[in-house]
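Novice: First, the structure itself, so that you have it in front of you.
The values are calculated or read from the model by the stated rules, or taken from the named source; none is laboratory data. None of these values were measured; they are calculated from a predicted model. Cβ sites come from the backbone with ideal geometry, for glycine too, and all protein chains shown count toward neighbours.
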Amino acid sequence: MDNSSMQDTSTSLRGRLVSAMSYVVPPVLALLLAGIVWETWVRVSDVPIYMVPPPSEVLKQLFWEFDFFINEGSVTLFEALVGFSIGAGVALTGAALMAHSRFLERSLLPLAILVKVTPVVAVAPLFVIWFGFGPVPKILITALITFFPVLVNGVTGFRSVDRGSLDFLRSLNAS
């Protein structure tokens, strides 16, 4: 390897590093500034710590109770993933049906829109009454929130497949 190719590699690496830093540094600085302003505001304004804890207290609590946050975070992550999977699965199934049948689309889309415009705040207490305080209402709320955007984008995606690609796959007996 000659000197010029090594220099080109180091120049391109330096350019990529500078480019990456230009994306990373501004949000990090903004977050740091927001934390400093928050900490200063809480300390200066005599706000009770139980109402608005300063970031230093939040980080201290996170450090001392790390296992608790990991355990609770894993439960939340599980509920979110299950809810997303259910919502996306039902929505993609509905989208596939709607993409192939205008009758089904005209029949089911108004119901999907009704689900979308119903405030989650109105439905959440009903889910808690019906299913209790366990993971089920949280999973169902996540599925409900996920359902409509995936349905609409699924129908759009299924309908926008290139006819030439479909013909090519049919010629190969693809399923």
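Novice: Regarding segment 100-109, can at least one residue be identified that is within 30 Å of Leu59 (Cα to Cα), outside the structural domain of Val58 (by TED's automatic domain parsing) and of a type outside the set (A, V, I, L, M)? Step through it out loud before you land on a result.
Specialist: Taking segment 100-109 first, the residues within 30 Å of Leu59 (Cα to Cα) are none.
No, that holds for no residue.
Novice: Okay, moving on. Applying the selection to segment 146-172, what residues are surrounded by fewer than 18 Cβ atoms within 10 Å (Cβ to Cβ), of a type in the set (Val, Ile, Thr) and in a helix (DSSP H, G or I)?
Specialist: Correct list: Val152, Thr156.
Novice: Please give the number of the condition His100 fails out of (1) in contact with a Phe, Trp or Tyr (Cβ under 9 Å, 6 or more places away or on another chain); (2) within 20 Å of Ile86 (Cβ to Cβ); (3) not charged (D, E, K, R).
Specialist: (2)
Novice: So, in segment 70-112, of the ones that are at pLDDT 95 or above and either outside any helix (DSSP H, G or I) or aromatic (Phe, Trp, Tyr) (or both), which residue ends up surrounded by the most Cβ atoms within 10 Å (Cβ to Cβ)?
Specialist: Filtering segment 70-112 for residues that are at pLDDT 95 or above and either outside any helix (DSSP H, G or I) or aromatic (Phe, Trp, Tyr) (or both), the one surrounded by the most Cβ atoms within 10 Å (Cβ to Cβ) comes out as Phe84.
For (1) without any contact (Cβ under 8 Å) to a residue 40 or more places away in the chain; (2) assigned by TED's automatic domain parsing to the domain that holds Val75; (3) of a type in the set (Ser, Thr, Tyr), each residue gets a yes or a no:
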| position | (1), (2), (3) |
| --- | --- |
| Ala91 | no, yes, no |
| Thr118 | yes, yes, yes |
| Phe127 | yes, yes, no |
| Gly157 | no, yes, no |
| Ser171 | yes, yes, yes |
